[in-house]
Every structure is written in structure tokens, then in C-alpha cells.
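Since the structure comes first, as C-alpha cells, the remarks are kept for the end.
Here, each number is a calculation from the coordinates, and none is a lab measurement. The model shown is predicted, which means the values in this text are computed figures rather than measured ones. Methodologically, a virtual Cβ is constructed for each residue, glycine included, from the backbone with ideal geometry; neighbour enumeration extends over all protein chains shown.
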Amino acid sequence: MEPEYQYILEKLGIAPDAQVVREYPIRVGDRELLVDIAVKSRDTLTLIEVKSRINEDTIYRIYTLSHLLGERPKEIKRLRLVCAGKSLKYSSQELADKLGIEIVIIPPKLYHSFVPTGTTSKDIPPYEHIKFSPSRITSEKAWKIVCTILTDKPPSMLALSRLTGISYGWTNTIVHKLENSEIIPREYGLMIKDVDRLLNAVSWERPLESLHVETVNTGFKTATNCINEVALNLNKRGVDYAFTAHSSALYYGSSIIRDDFAYIYIPDSLERSFLRTYSVEETRGCALKIYVPDRDVMKSSKVFNGIRVVDHCQNLLDLAGLGIDGRTSAKDLVSKIGRKER
């Protein structure tokens, strides 16, 4: 058994011969939600959510998923809920205690075995190590269709297929899945029924925090200063990068700006080490949050005044993946993008 699993089982007092399942599926209608790890041991099923920093969203997610299990197998008499990560947000411990959720803190060296970066190399793009079910609305094809409906409002399925470059058959399949998930209403044309419901589903399926690999505390007073200087130096180094979330939304017209964080994708692990040169001991400056992409974000990225950012569809996806923190900005962006980006 891998050391990381062995460590968690020991912390939870579970026998090492237990059955460990990665990406344990929970069916909700036509959708499939995935729990990071499930452990079956005798009459107990343990569901484990893994996040770098455990916060209230992590706790609520595992708690909610446990209520979507449906009918358990007869041999399962006990259900344990666990959140595991490198650190725990201080205010989250009381919530975990109230909901009966156990907390396991994982040493950083073991934690990296749970995330895609542990197996990446310069020869294999990191996004190839993460496979999303095509039935998930955050899969590349499904999200391209969702984004096109949001921003272009196509009049028909055929127009949607042409705009996205996705075959009519696949478009039809994905639209029906979105209808079954109540994201798109039936028989009322192509439109998003409830944007809040959509963004909430995205934050569950693809939390941006799951792609987070490191935070560098910089001495920059504002996120704008941080973005400008980091982009300048990465451009000179010829490095693949793309700013995202709040850091790219402003280039698409968002009026919501965060000066305490900057968000950036860096596919190459060696180049991520370069960003550590901006690290300072004091934590009052802008924090640079570094992510490893789960798909090719560079292919469709845009450049504004020398600063490379993800395209608007990826931007909306990443903002939604921030949960409550990014939802307001995502809705603001939806209202401002429109056809001009096409």
C-alpha cells in the first residue's frame, strides 16, 4: 500500500487490509459526483475529501455528499466522514466537530502524492494526468457548450454545434445531460435556467483549490503590481503561464478586483520554483497563488498589454471553482462578455 494511504489509515485506526477506492462515485440522477477517497473496512464506509487547506467549503461538501449516497449496501452499517489536508482553517474546526467530521493533517511530502503534480514532468503536460468524466459539466466539451450558451445565446442546437466546433451528436448528448441536471430547462430553448445553481455545481465538481500547488507571499502592495512584474519576467524567460480567476477577469471587464491575491497557472514545475524568488517573510503583500492546469489552458489564452491570461470560458470556470469567493465576479463577467469575445 502506498505510504500516503497507509498514513491516513493509521491515523483513522483502520486496518491496512481495508479496500481503498480513489474517486468513489456517487450517482445523483444522471450526474456522477466523485469523492476523493473511499475506504471499505468490515461494516464501515469512510469517505475522505482531500484538500490542501481544509475550510468550511470542504467540510460542507463531504457532509452534503454523504446525504446523496442513497441506499447503502446491507453490509455497511457505519459511515465515517473525513477531511484530509496539509492545514486546517482555524474557524473550521468547530464546524467539523458539530457535523461529526474527522480531520486528518497530512505531511506535505505525502500530500503531494494525492495531487496531479506528483507525477508531472516537462515531457508530459500535467493536465493529461487528470481525467474528467464526460458527464461532468466541467469536462472540456460540456463546459465549452455551457459557456457558449451563457455568452453567445445561440438560437438552436445546430448553431451551438457550429459555434463550439463540437459535433452535433455530441452537442445533443451534452445538452440533454445538462437538461437532466436542471442546468438547462427543457423545451424552452437554449438558456441557463439558474446561474447560481450552475456555479454552485462547478464549485463542487472542480474546486480550483484542488489544482493549487503553492502560495508565495510577495512584497507587492497590490495584485496589479504583482501581475505586471511577474508577467514581465516570465515573458522574458519564455515560460508558459496564464493568469486566471480575479487576476484575469479584470481584462474582460470585471469591476471586482482583489488586491490580496494573484492567481496564475504554471505548467512547468521547474519554472514554478522561479516564482519563489518573489517570496518575502512578511505576509502583508499580495499572495501569489500558483496552480497546475488540468487541461491545456495555454492553447486558447489571450494577451493583454503583455500579460497572458486564460480565455473567458476558462476564466468563468476558475472563478466558479473558487466557490463563494468567485461567484459574484463570475456572474458579473457573464453579464459583460457577450459576442465581442468571439
Exercise. Work out from phi, with θ = phi - 60° and the Karplus expression 6.51 cos²θ - 1.76 cosθ + 1.60, the ³J(HN,Hα) of each residue of the stretch 286-301, listed in order in whole Hz, and give x for Gly and Pro.
Key: 5, 8, 8, 8, 10, 10, 9, x, 9, 7, 7, 6, 6, 4, 10, 5
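For residue 328 and residue 77, compute 0.36 nm times the residue count separating them, minus their Cα-Cα distance, and round to one decimal in nm. Don't skip to the answer; put the middle values down first.
Numbers: separation 251, 0.36 × 251 = 90.36 nm, distance 4.11 nm.
This chain segment gains 86.2 nm when fully extended.
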Quiz item: Given the rule -39500 (n - 2.57) for each run of at least 4 DSSP H residues, summed and divided by the residues of the chain, what is its mean residue ellipticity at 222 nm, to the nearest 500 deg cm²/dmol?
Solution: -10500 deg cm²/dmol
Self-check item: Chain lengthening between residue 215 and residue 228 when straightened (0.36 nm per residue, less Cα-Cα)
Solution: 2.9 nm
Exercise. Report the residues of the stretch 75-92 in range of a label on residue 42: point 7 Å along Cα→C-beta, backbone N strictly under 14 Å from it.
Key: 76-80
Exercise. Please tell me which of these pairs span more than 27 angstrom C-alpha to C-alpha: 109/289; 144/193; 193/299?
Key: 193/299
Quiz item: Can you list the cysteines of the chain that have no other Cys Cβ under 4.7 Å away?
Solution: 83
Quiz item: Over what distance in Å are the Cα centres of the stretch 187-258 and the stretch 289-342 separated?
Solution: 6 Å
Quiz item: Which of the peptides 289-295, 195-201 is most tightly packed, and how do the rest follow, judged by the mean count of other Cβ atoms within 10 Å per residue?
Solution: 289-295, 195-201
Exercise. Using packing as a proxy for protection, rank 12-24, 162-174 so that the peptide with the highest average count of other Cβ atoms within 10 Å comes first.
Key: 162-174, 12-24
Exercise. Count the net charge of all other residues whose Cβ sits under 15 Å from the Cβ of residue 308, scoring Lys and Arg as +1 and Asp and Glu as -1.
Key: -3
Quiz prompt | Charge dipole (debye, nearest 20) of the chain; +1 at Cβ of Lys and Arg, -1 at Cβ of Asp and Glu | solution = 580 debye
Quiz prompt | Least to most buried among 11, 109 (fewest other Cβ within 10 Å first) | solution = 109, 11
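What ranking do 324-337, 229-242, 48-61 get when scored by the average of other Cβ atoms within 10 Å per residue, highest first? All intermediate terms of the calculation are to be shown ahead of the outcome.
Values: 324-337: 18.6, 229-242: 16.7, 48-61: 20.9.
The packing order, highest mean first, is 48-61, 324-337, 229-242.
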Self-check item: Pairwise label distance in nanometres, residue 69 with residue 176, each label 7 Å out on the Cα-Cβ vector
Solution: 3.2 nm
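Placing unit charges on C-beta atoms (Lys and Arg positive, Asp and Glu negative, everything else neutral), compute the dipole magnitude of the stretch 3-114 about its Cα centre in debye, rounded to 20. Don't skip to the end; give the middle numbers.
Values: 18 positive and 16 negative charges, 15 e Å.
That gives the stretch 3-114 a dipole magnitude of about 80 debye.
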